[in-house]
Amino acid sequence: MGYTIFTVQFVDESSVTVVTGNAIDFIDYPRGQSKETVVNALPHVGRDDPQICNGPRYHWCLYDSAGETG
């Protein structure tokens, strides 16, 4: 039950701080930003940012495939 926090910096010198669970694959980019405009990602930075954003919602899909003949 942990979390991860990081700050993403963009080419225009803006940034966004994101907090999420331990499953990190994507973030919601601010308007006008995309993966192409990212210049840096700073792990463990941004705890004091008053505008911390939550990472996208995700769901775990757990199943047992034992016994399937597929």
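What follows is calculated from the coordinates using simple rules that are stated; it is not laboratory data. Computed from a predicted structure; not experimentally measured. We place every Cβ from the backbone using ideal geometry, glycine too, and count neighbours over all the protein chains shown.
Annotations for the structure displayed:
- Residue tally, condition loosely packed, with under 13 Cβ neighbours inside 10 Å and of a type in the set (Phe, Trp, Tyr), over segment 8-52: 1
- Contact annotation: residue pairs with Cβ atoms under 7 Å, 6 or more positions apart or on different chains, pairing a residue in segment 52-63 that is closer than 17 Å to residue 27 by Cα with a partner that is hydroxyl-bearing (Ser, Thr, Tyr) and surrounded by 12 or more Cβ atoms within 10 Å (Cβ to Cβ), are 52/17; 53/17; 54/20; 55/20.
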